[in-house]
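All remarks here apply to the structure that follows.
All of the numbers you see were taken from the coordinates with simple rules; none came from a lab. These figures come from a predicted structure and were not determined experimentally. Neighbour counts are summed over all protein chains in view; Cβ atoms, including those assigned to glycine, are modelled from backbone coordinates with ideal geometry.
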Amino acid sequence: VTTPTHPTYLDQAALPYFFCPGCGHSLITDHLNAALVKLQPDPRQVVIVSDIGCSGLADRYFATNAFHGLHGRSLTYATGIKLANPELKVIVLIGDGGCGIGGHHLINAARRNIGLTMLVYNNLNYGMTGGQHSVATPAGGLTATTPLGQLERPMDICQTAAVNGAGLVIRTTAFDTALTDLIAEAIAAETFALLDIWELCTAYYAPTNRLSRQALAESMEKMNFKTGVLHREERPEYSRLYRQVTAPEMGRPASQPQPLSQRYSSSLDKVVRLTVAGAAGKKINTAAALFCRAAVLAGLSAEQRNDYPVTVKSGHSVSEIILSPHEQAGEPEEDIYLILAEEGLKNVRGRLGLLTRGDSVYAASGLPVEAAPGQIHSLEIPKGGRAETRAVTALAGLLRERDLFPLEALIEAAGLLPAYAEENRQAIALGSQVKITRLPDGTPATAAPGR
Ligand SMILES: Cc1ncc(C[n+]2csc(CCOP(=O)(O)OP(=O)(O)O)c2C)c(N)n1
Ligand code: SF4
Ligand SMILES: [Mg+2]
């Protein structure tokens, strides 16, 4: 018989256990140590992630790495640790209370099949805080918070993990003589392996409910909670799958923004705010971004602010562009509204009343724009273009009307996005057919039905 390199994984200086006499936590902790001794992993490659509760005291006894966090969250820390280094043996120690408080983490760990070993120190109650009921308390169970007996049915921790795709699911008790082997199998499995280990809290649940080792087994049987290996499933382990899928992307530099340098010049000598108001899903923001790039090519500074509802393809889409000959934009000296759809009009209508005589509104013909203090223009956008590039056509038409910067800058900006260059160039060309008519003061812009 050869002596193992690591005859124990327990830290002798931390012993003896601090658990109450007879507490099942001691048994499970002993079996975990025995399982590690059986497998002989390098202790530096083992991480014990403990939860909160008396079960959470267990990590301090191991001469391995450990992580102790918030109640119910141990699976999340363990997932991060395993993802960071799939070679580690990550073992989660959690109480039945933690399984309730962090129940969805259990579901997610099982769905991912992340290679963790999860040992549930299941004493059917909150031990540390004075014997309150947990999600695992059996129906009828007497606890500090269910003095008349638990009315709810207990959560089936094993079936929850199994139905969500855990690789290995085992239910047993802390008295099972095969527990060392079962834990070793789970650690070696490199799959999401859960062991729901029922045991006695000798301070609270066991005495209150006259629960003995024998009664524990009977209570499982009565509830039809089967024991043994309940579920096995062959699935790729998540941390390794993740590495495999993302490996080609690793180390690839993130795309850098391409600085634009001035190629044209603009005679704009004041700060202008251009508000493009249209319907969501009609590429208003995209057209505004193209316009801003063109302005920068023409030596202006351009800022863009987009507004649209959370339902990104219905309702309004409004882009506010601030063009300035200076690097710092400052307060706008003139407002221009380009209104392309009813949804946009509805959104900006309240602001039109604030305009002054020097400001302008360009509204697609047919839109019911009331007379505003600024000048109102009707905009006839030629049919034939694509609905998605209509805003680009309208902006090209506006550039012909208003000398903000040269149209050539817009054509060049279209080339910066090669995938859309051709359709944007066509949309800009169509801008020459946009008809803009200034309406007499006080006339609403409802000339002809548009759109
Ligand atoms: C989010 C949160 N809720 C409640 C608590 C208080 N608390 C500390 S230990 C504990 C009970 C622990 O029960 P369990 O997880 O079953 O572990 P046991 O003590 O039974 O081993 C509770 C409720 C907490 N620390 N954090
Ligand atoms: S209170 Fe219960 S769970 Fe906590 S150490 Fe004592 S017996 Fe164990
Ligand atoms: Mg408990």
Assigned charges on the beta-carbon of Lys, Arg, Asp, Glu; the chain dipole about Cα centre (debye) = 660
14 Å beta-carbon shell around residue 58, net charge (K/R +1, D/E -1) = -4
Pairs of Cα atoms under 8 Å, at least six residues apart: use those to get the relative contact order of the stretch 195-354, whole percent.
-> 23
Cβ-based net charge around residue 83, under 13 Å, with every Lys or Arg adding one and every Asp or Glu removing one = +2
So the FRET efficiency between residue 85 and residue 423, C-beta based with R0 = 56 Å and rounded to 0.05, is 0.75
Rounding to the nearest 20 debye, state how big the charge dipole of the stretch 19-178 is about its Cα centre with +1 on each Lys and Arg Cβ and -1 on each Asp and Glu Cβ.
-> 300
Bridge type composition, the chain - antiparallel percent by DSSP, nearest 5 = 40
List, in order, the whole-Hz ³J(HN,Hα) value for each residue of the stretch 61-66 obtained from phi through the Karplus relation with A = 6.51, B = -1.76, C = 1.60 and θ = phi - 60°; use x for Gly and Pro.
-> 7, 9, 8, 10, 6, 8
For the stretch 1-66, what is the convex hull volume of the alpha-carbon atoms per residue, in Å³?
-> 91
Applying 1/(1 + (r/R0)^6) with R0 = 51 Å to the Cβ-Cβ distance of residue 247 and residue 441, what FRET efficiency is obtained, to the nearest 0.05?
-> 0.15
What is the fewest-to-most order of 201, 20, 292, 99 by other Cβ atoms lying within 10 Å of their Cβ?
-> 20, 292, 99, 201
Once the principal axes of the Cα atoms of the chain are found, what is the range along each, listed largest first in whole angstroms?
-> 97, 54, 39
State, as an integer percentage, the relative contact order of the stretch 7-151 based on alpha-carbon contacts under 8 Å between residues 6 or more apart.
-> 19
Count neighbours as other Cβ atoms within 10 Å of each site's Cβ, and list the trypsin sites (Lys or Arg not before Pro) in the stretch 32-85 that are DSSP loop with at most 11 such neighbours.
-> none
Largest-first principal axis extents, alpha carbons of the stretch 196-296, Å = 92, 35, 29
Anisotropy class of the stretch 321-451 from Cα gyration tensor, a/c 1.5 cut = oblate
Local electrostatic count at residue 287 - Lys and Arg +1, Asp and Glu -1, tallied over other residues with Cβ under 10 Å | +2
Contour minus Cα-Cα distance for residue 371 and residue 256 (0.36 nm per residue) | 36.8 nm
Helical contribution to [θ] at 222 nm, DSSP H n ≥ 4, -39,500 (n - 2.57), averaged over the chain, rounded to 500 = -9000 deg cm²/dmol
Distance in nm between label sites at residue 305 and residue 408, each 7 Å beyond Cα in the beta-carbon direction?
-> 3.4
Expected sort for 286, 129, 246 with the fewest Cβ neighbours (10 Å cutoff) up front is 246, 129, 286
How would you rank 359, 30, going from fewest to most other Cβ atoms within 10 Å of each one's own Cβ?
-> 30, 359
Checked against the positive end of the charge dipole of the stretch 336-451 (+1 on Cβ of Lys and Arg, -1 on Cβ of Asp and Glu, about the Cα centre), the farthest of 437, 367, 336 is 367
For the stretch 230-281, which GluC sites (Glu not before Pro) are both in a DSSP coil and crowded by at most 12 other Cβ atoms within 10 Å?
-> 234
Which residues' amide hydrogens lie under 5 Å from the amide hydrogen of residue 92, considering only partners 5 or more residues apart or on another chain, with H built in the peptide plane?
-> 49, 117, 118, 119
DSSP loop trypsin sites (Lys or Arg not before Pro) in the stretch 198-244 with at most 10 other Cβ atoms within 10 Å of their Cβ, which ones?
-> 210
For the stretch 261-282 and the stretch 302-324, what is the separation of their Cα centres, given in Å?
-> 13
